Amino acid sequence: MSQAPAAEPKIIVVFGAHPDDVEIGMAGTIARLAQAGNDVYVCVATVPDNREQRMAEAREAGRIMGVKDILFMPLKSLDLGYNRKSIGTIDGIVHDLAPHSIFTHWIEDSHQDHVNLTRCVIAATRKNHFNVYMYEQTIPGGITPAAFRAQYLIDITGFIDKKMDSVRAHASQIGRNGDWWIEGIRGRAMYRGYQMRARYAEAFEIIKISGDTDLFSGEHEQSIARLSEADSEFAILE
Ligand SMILES: [Zn+2]
């Protein structure tokens, strides 16, 4: 039985204002996207402190999630505003990578860097034909007047260990936020999972959908490949 031809990998770009933001928000989804054969790029807008250590932690987390690459944008924390410099930097990344889908912070997040980054991403994606999603508010985060609308839930049951390991890779932040920070992140994934009758899930709001929304088509191909292998083993036994 011939193996189905592999589809072109889809390019997915995930923006986070700081190292560890994307892991808290959607590491399970990133790991699942990567395993499905997509090329996932994580773009970290700014590294606020302990630059070398935090970049090393982010790279280790990226390795755990299986990302294609981590891009550290050349922005200082003070530069990360809703301004031409930030938007121009994101414009360049979007132009170079031509992604299928983009993920960014929730625009009502309580941290100004998170909000500014998403406003810049929206400006940079205004003329393009791809999907743009927002992951849930970063933990720890404050109360804001808005309520997150979980419009798109992704089952990460098989990827919760990678999610938690990728968060723990940010060892400098565990000391700052406490062990219970880790359990809060897992607890939210359980809460979102329960809403879709899965053990664990991550939730997203949709900014726009411009075309193909199938982010996990590679999973189908992998299962066909596994079936093919099973067939040939069976044939040998016969
Ligand atoms: Zn952050």
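Listing Glu57, Glu183, Glu221 from fewest to most neighbouring C-beta atoms within 10 Å gives Glu183, Glu221, Glu57.
Positive contributions from Lys and Arg (+1) and negative ones from Asp and Glu (-1), summed over other residues with Cβ under 9 Å from the Cβ of Tyr135, come out at -4. Loop-located trypsin sites (Lys or Arg not before Pro) across segment 69-148 with a Cβ neighbour count of 14 or fewer within 10 Å are Lys76, Arg126, Lys127, with loop assigned by DSSP.
Using only helices, what value at 222 nm comes out for the chain when you add -39,500 (n - 2.57) per DSSP H run of length 4 or more and divide by the total residues, to the nearest 500 deg cm²/dmol?
On the way: 8 runs with 111 residues, N = 238.
Rounded to the nearest 500, it is -15000 deg cm²/dmol.
Under the criterion of Cα pairs below 8 Å and six or more residues apart, the relative contact order for the chain equals 26 percent. Could you give the angle, 0 to 90 degrees to the nearest 10, between helix 51-65's Cα long axis and the longest principal axis of the Cα atoms of the chain? That works out to roughly 20 degrees. When Asp21, Asp161, Asp91 are sorted by how many other C-beta atoms sit within 10 angstrom of their C-beta, beginning with the fewest, the order is Asp161, Asp91, Asp21.
Taking the Cβ of each residue in Lys10, Lys208 as the centre, tally the other Cβ atoms inside 10 Å and list the residues starting with the fewest.
Numbers: Lys10 21, Lys208 14.
With the sparsest Cβ surroundings first, the list reads Lys208, Lys10.
With the convex hull drawn around the C-alpha atoms of the chain, the volume per residue stands at 138 Å³.
Using alpha carbons only, how many degrees (0 to 90, rounded to 10) separate the axis of helix 179-195 from the longest principal axis of the chain? The two axes meet at around 60 degrees.
A straight chain from Asp179 to Glu52 at 0.36 nm per residue would run longer than the Cα-Cα distance by 43.4 nm. Among Ala56, Ala98, Ala225, which one moves the most in a GNM of the chain with springs linking Cα atoms closer than 10 Å? Result for the chain, Cα springs under 10 Å: Ala225 fluctuates most.
Lys pairs in segment 11-213, Cα-Cα under 19 Å, at least 8 apart or on separate chains: how many? Each step should come with its number before you reach the end.
Numbers: Lys68/Lys162; Lys68/Lys163; Lys76/Lys85; Lys85/Lys127; Lys127/Lys208.
The result is 5.
Of all beta bridges that DSSP places with both ends in the chain, some 30 percent have antiparallel geometry.
Using the beta-carbon distance between Met190 and Ala123 and R0 = 41 Å, what value does 1/(1 + (r/R0)^6) give for FRET efficiency, to the nearest 0.05?
On the way: r = 35 Å, r/R0 = 0.86.
Efficiency for this residue pair is about 0.70.
Would you kindly state the longest site-free stretch of the chain, with sites defined as chymotrypsin sites (Phe, Trp or Tyr not before Pro) in a DSSP loop (not H, G, I, E, B) surrounded by at most 16 other Cβ atoms within 10 Å? If you can, show how the numbers build up before the last one.
Working: sites that count: Tyr82, Phe148.
Looking at the chain, 149-238 is the longest stretch - no exposed chymotrypsin sites (Phe, Trp or Tyr not before Pro) with at most 16 other Cβ atoms within 10 Å.
Does anyone have the angle between helix 217-237 and the longest principal axis of the chain? Alpha-carbon axes, 0 to 90°, nearest 10? The answer is roughly 30 degrees.
Each reported figure results from applying straightforward, stated rules to the coordinates on display, with no laboratory input. Since this is a predicted model, take the numbers as computed values, not measurements. Virtual Cβ from ideal backbone geometry, glycine too; neighbours counted across all protein chains shown.
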